[in-house]
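Student: My questions all concern the structure below.
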């Protein structure tokens with residue numbers, strides 16, 4: 001069990017560019033979550049996958065954001081036409097059906113939009 | 001919609017002493033989970049303790065315990081024998097028993113442990 005991993009850990013991009021983040025959940029976990037955390041705030045839910053199906057999306061997930069989990073394993077979060085307000089820590093978490101109440105978090109990807 | 005409120009932006013405690021972090025929440029549901037997560041500086045968030053709403057007994061995990069008051073919608077975390085490694089942001093979080101899978105977090109309390 002290597003834990004939830006995220007790549008990259010840090011990303012600096014210019015406004016208007018597209019960025020993609022990757023999350024690898026704990027291997028036996030079929031549930032995967034994305035959260036966004038801005039400075040001084042708690043994480044805010046973005047979206048949830050059960051296996052490859054995206055079952056829940058927050059209103060925070062604007063049409064510039066898209067998440068995928070094509071084979072029910074790793075997931076990607078893409079932000080198109082980044083804005084300065086997108087600067088935040090993007091956290092991924094995973095859990096299993098039997099222990100849905102225990103979400104294990106990754107180290108996060110810190111995005112800075114200049 | 002559920003909300004979680006942490007009214008203490010910062011707290012400090014002397015090493016080996018006890019500190020209590022406060023959390024209140026708002027919900028119309030009867031079945032749910034409550035959590036305390038710890039986020040050390042530049043490190044990932046880890047689960048400290050979990051409480052199921054249907055359980056009257058307060059959860060404990062070693063030096064960490066909660067005071068769950070369901071009627072008052074209060075869920076405080078007590079850290080006994082505080083250690084330097086307890087210094088972190090602490091987040092209170094809510095998860096519904098059914099329906100949504102999202103954790104709802106408070107804004108956090110920054111805990112400083114003084115040697």
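The values are calculated or read from the model by the stated rules, or taken from the named source; none is laboratory data. Just so we're clear, the structure is a prediction, and the values are computed from it rather than from any experiment. No Cβ is skipped: glycine too gets one built from the backbone with ideal geometry, and neighbour counts run over all protein chains shown.
Student: Does residue B:38 meet the test of being in contact with a helix residue (DSSP H, G or I) (Cβ under 9 Å, 6 or more places away or on another chain), surrounded by 12 or more Cβ atoms within 10 Å (Cβ to Cβ) and within 18 Å of residue A:104 (Cβ to Cβ)?
Tutor: Numbers: in contact with a helix residue (DSSP H, G or I) (Cβ under 9 Å, 6 or more places away or on another chain): yes; surrounded by 12 or more Cβ atoms within 10 Å (Cβ to Cβ): yes; within 18 Å of residue A:104 (Cβ to Cβ): yes.
Here the answer is yes, as residue B:38 does meet what is asked.
Student: Considering segment B:23-39 alone, what residues qualify as being within 18 Å of residue B:80 (Cα to Cα) and free of Cβ contacts under 8 Å to residues at least 60 places away in the same chain?
Tutor: Across segment B:23-39, the qualifying residues are B:36, B:38.
Student: Considering only segment B:60-83, state which residues are under 20 Å from residue B:5 (Cβ atoms) and in contact with a strand residue (DSSP E or B) (Cβ under 6 Å, 6 or more places away or on another chain).
Tutor: Taking segment B:60-83 first, the residues under 20 Å from residue B:5 (Cβ atoms) are B:66-79.
Within segment B:60-83, B:66, B:67, B:68, B:73, B:74, B:75, B:76, B:77, B:78, B:79 meet the criteria.
Student: Return yes when residue B:7 is in a loop (DSSP other than H, G, I, E, B), surrounded by 20 or more Cβ atoms within 10 Å (Cβ to Cβ) and either at pLDDT 95 or above or touching a helix residue (DSSP H, G or I) at 6+ places or on another chain (Cβ under 9 Å) (or both) and no when it is not. Outline the logic, then answer.
Tutor: Working: in a loop (DSSP other than H, G, I, E, B): yes; surrounded by 20 or more Cβ atoms within 10 Å (Cβ to Cβ): no; either at pLDDT 95 or above or touching a helix residue (DSSP H, G or I) at 6+ places or on another chain (Cβ under 9 Å) (or both): yes.
In short, no.
Student: Checking the conditions here, which among B:74, B:65 is free of Cβ contacts under 8 Å to residues at least 40 places away in the same chain and either under 10 Å from the mean Cα position of the chain (by Cα) or more than 14 Å from chain A (Cβ to nearest Cβ) (or both)?
Tutor: Working: B:74 fails: free of Cβ contacts under 8 Å to residues at least 40 places away in the same chain.
Being free of Cβ contacts under 8 Å to residues at least 40 places away in the same chain and either under 10 Å from the mean Cα position of the chain (by Cα) or more than 14 Å from chain A (Cβ to nearest Cβ) (or both) holds for just one of B:74, B:65, which is B:65.
Student: Any idea how many residues of segment B:90-113 are within 7 Å of chain A (Cβ to nearest Cβ), surrounded by fewer than 17 Cβ atoms within 10 Å (Cβ to Cβ) and in contact with a strand residue (DSSP E or B) (Cβ under 6 Å, 6 or more places away or on another chain)?
Tutor: Of the residues in segment B:90-113, 0 are within 7 Å of chain A (Cβ to nearest Cβ), surrounded by fewer than 17 Cβ atoms within 10 Å (Cβ to Cβ) and in contact with a strand residue (DSSP E or B) (Cβ under 6 Å, 6 or more places away or on another chain).
Student: Now a separate question. From A:90, A:104, A:35, which residue is closer than 20 Å to residue A:3 by Cβ and over 11 Å from the mean Cα position of the chain (by Cα)?
Tutor: Numbers: A:90 fails: over 11 Å from the mean Cα position of the chain (by Cα); A:35 fails: over 11 Å from the mean Cα position of the chain (by Cα).
Residue meeting the stated conditions: A:104.
Student: For segment B:46-57, give me the residue count where each residue is part of a loop (DSSP other than H, G, I, E, B) and within 14 Å of chain A (Cβ to nearest Cβ). Show your work before the answer.
Tutor: As a first pass, look at segment B:46-57 and keep what is part of a loop (DSSP other than H, G, I, E, B): B:53-57.
With the extra rule that they be within 14 Å of chain A (Cβ to nearest Cβ), the set shrinks to B:53-55.
Adding up the residues that qualify gives 3.
Student: Would segment A:85-106 turn up any residue that is touching a residue at least 12 places away in the same chain (Cβ under 8 Å), farther than 30 Å from residue B:50 by Cα, surrounded by 15 or more Cβ atoms within 10 Å (Cβ to Cβ) and in contact with a helix residue (DSSP H, G or I) (Cβ under 7 Å, 6 or more places away or on another chain)?
Tutor: No, segment A:85-106 has no match at all.
Student: Within segment B:19-35, how many residues turn out to be surrounded by 13 or more Cβ atoms within 10 Å (Cβ to Cβ) and either part of a strand (DSSP E or B) or under 15 Å from the mean Cα position of the chain (by Cα) (or both)? Give the derivation first.
Tutor: The initial filter retains those residues of segment B:19-35 that are surrounded by 13 or more Cβ atoms within 10 Å (Cβ to Cβ), namely B:19-25, B:27, B:32-35.
Still in the list and also either part of a strand (DSSP E or B) or under 15 Å from the mean Cα position of the chain (by Cα) (or both): B:19-25, B:32-35.
Adding up the residues that qualify gives 11.
Student: Show me the strands (runs of 3 or more DSSP E) found entirely inside segment A:7-95 where at least 2 residues are within 14 Å of chain B (Cβ to nearest Cβ) and in contact with a strand residue (DSSP E or B) (Cβ under 7 Å, 6 or more places away or on another chain). I'd like the intermediate steps shown before the answer.
Tutor: On the way: elements: A:10-13, A:19-24, A:31-37, A:44-50, A:53-57, A:65-68, A:75-79, A:88-95.
In segment A:7-95, the matching strands (runs of 3 or more DSSP E) lie at A:19-24, A:31-37, A:44-50, A:53-57, A:88-95.
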